[in-house]
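What follows is a set of notes on a single structure, which appears directly below.
The values are calculated or read from the model by the stated rules, or taken from the named source; none is laboratory data. Small disclaimer: the values here were computed from a predicted structure and weren't measured. Side chains are part of the model used for accessible areas, which takes the heavy atoms of the whole protein and leaves out ligands, DNA and RNA. Shrake-Rupley method; radii C 1.70, N 1.55, O 1.52, S 1.80 Å.
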Amino acid sequence: MKLRIKTLLTVLLVIASVLLMTGCSNEATPYEVNDKEEYNVSVKYDANGGTFTTNTSVIVDSYNLSDLDVNGEGKAEIALLSPDASSRGNDAFTAINSGYFLAGWYSERTENSDGTFTYAGKWDFENGLLEVDPSGEYTSEEPVLTLYAAWVPLFEIEFCSADNGEVLDSMSYDPTTSKEILVPAWDEETGAIDMHQFPAREGYTFDKAYYDADKTQPVDTEAVKHPGAVNYENGTAENSVLKLYVEWIEGEWYHIYNAEQLVECASLSGCYDIRADLDFTDEIWPTAFMYGNFTGKVQGGGHKISNVEVTQTNNSKVNAGLFGYLTETAEITDLTFENVTFTLKAGTRVTGASFGLFAGSISKDAKISGVNILDSTLQVDSSCYFGASDYSIGLVCGMGDAAVVDTAEISLTACGDEPEKLTVTADGNEVTVEFAE
């Protein structure tokens, strides 16, 4: 029966390398101990620029010739164990080298002019047998075979701009553990795009990727497989760098399929592609939209947002509506609002403020098109105080061009505990409130 090295002996030889490095010579070295016990046929594993998880660069396995079978040619046979073999149990040693992956263990190593190496004689740990002369004289300190770790630089994926080829980011890729990377995809549950291993770009959203700078070879699969390969004959790599050319669209976009997603993704700079009708019966309209300066985009796609109730009671805000202020970069297109109720109530700041069901104010440079408001109501609560004169209330907007939205189906009413004290009238977009003491 062929006997492989015992784990204890491997541990002793690891200790031996440590003792040798520290210069201890007063006691017998583990090599001498092994020789005395007739474990004098050794095989060395050279991490070759890397280290083992034992923090040593070399480990040595030793064997007792008397424990080995002899074949028909009179040779003793040794079935070698790889350093990380599971059969070693807790005494397995993994070779590591930052920035590289292990191609295998080789019996021949040749240094190239650039300082790199090529290899030959890749050892097959499953089927290979080391043959030694059983009558030879050996010492464990002089290995009969040295196997070198062949390190290959990690494969690279470079993410380049499809516009100018500039490398935006890169990632290392170990082909021995990962065969492919996932392409960014929209998550219908969150409405956001999952970039997977692709890099994100602030202020932009992934659109497409290509394999070539001319954008003639689109990435049309769910995952990208690195085309690089390892030449195991000589322990080197081919095509180790993959370039992907990425197209982006401006803005941080979301695909919105329900009201909850719009609430969770609400941002004043966000861009929203509405993919379904949104019912806000059980949701609260985002406060950020209601009061803030919206700089983003909403592409309605012909869909509808319905059953929204908004109540303005914050006396520190100067703009309020479904949107507070639609800035010069804001874009809202092809979207219908239905059954929206916007109420001005007690606490509402009046002095210097602008209110409207659609927006408090709309910049003249904002792009609003195809927006309709149906069966909706602007309410003025009798608890508000309108003694000041420098405020603006409009059916569509307090300030700005109301003509960008159809006002035909926005009604105006007084409400509250004493609605009879209010007279509210509309002349086109402009709303006038008269308060009786």
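Quick look at the values:
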| item | result |
| --- | --- |
| Folded to 0 to 90 degrees: helix 7-22 orientation relative to the chain principal axis, Cα | 90 |
| Set of lysines with alpha-carbon distance to residue 225 below 30 Å, sequence-local pairs under 8 removed | 122, 179, 208, 215, 243 |
| Rel. contact order, % - alpha carbon contacts under 8 angstrom, at least six apart, the chain | 9 |
| Bins of 10 Å, starting at 0 and running to the largest distance - Cα pair percent for the stretch 301-437 | 13, 47, 31, 7, 0 |
| Carbon plus sulfur fraction of accessible area for the chain, probe 1.4 Å, in percent | 44 |
| Order of exposure, largest accessible area first, which applies to 70, 424 with probe 1.4 Å | 70, 424 |
| Heavy atoms of residue 230: accessible area, 1.4 Å probe, square angstrom to 10 | 30 |
| P(r) histogram, all alpha-carbon pairs of the chain included - 10 Å bins from 0, percent | 4, 16, 17, 12, 10, 9, 9, 9, 7, 5, 2, 0, 0 |
| Exposure rank, largest accessible area first [182, 102, 422; 1.4 Å] | 182, 102, 422 |
| Interatomic Cα distance distribution for the stretch 193-279, bins of 10 angstrom, percent | 14, 33, 27, 16, 7, 3, 0 |
| Rounded if a/c under 1.5, otherwise prolate or oblate - the stretch 164-243, Cα gyration tensor axes | prolate |
| The chain - mean residue ellipticity at 222 nm from DSSP helices (-39,500 (n - 2.57) per run, n ≥ 4, rounded to 500) | -2000 deg cm²/dmol |
| Separation between Cα centres of the stretch 26-49 and the stretch 56-111, rounded to whole Å | 14 |
| Range of Cα positions in the stretch 100-150 per principal axis (Å), largest first | 42, 25, 15 |
| Fraction of antiparallel bridges per DSSP, the chain only, in percent to nearest 5 | 45 |
| Accessible-area value, residue 98, 1.4 Å probe, nucleic acids and ligands omitted, Å² | 110 |
| Whichever aspartates and glutamates have a C-alpha closer than 17 Å to that of residue 367, once near sequence neighbours (fewer than 8 apart) are set aside | 250, 273, 328, 331, 334, 401, 406 |
| Ranking by accessible area, most exposed first, for 411, 306 with a 1.4 Å probe | 411, 306 |
| Overall Cα dimensions of the stretch 255-352 - principal axes, largest extent first, Å | 38, 30, 21 |
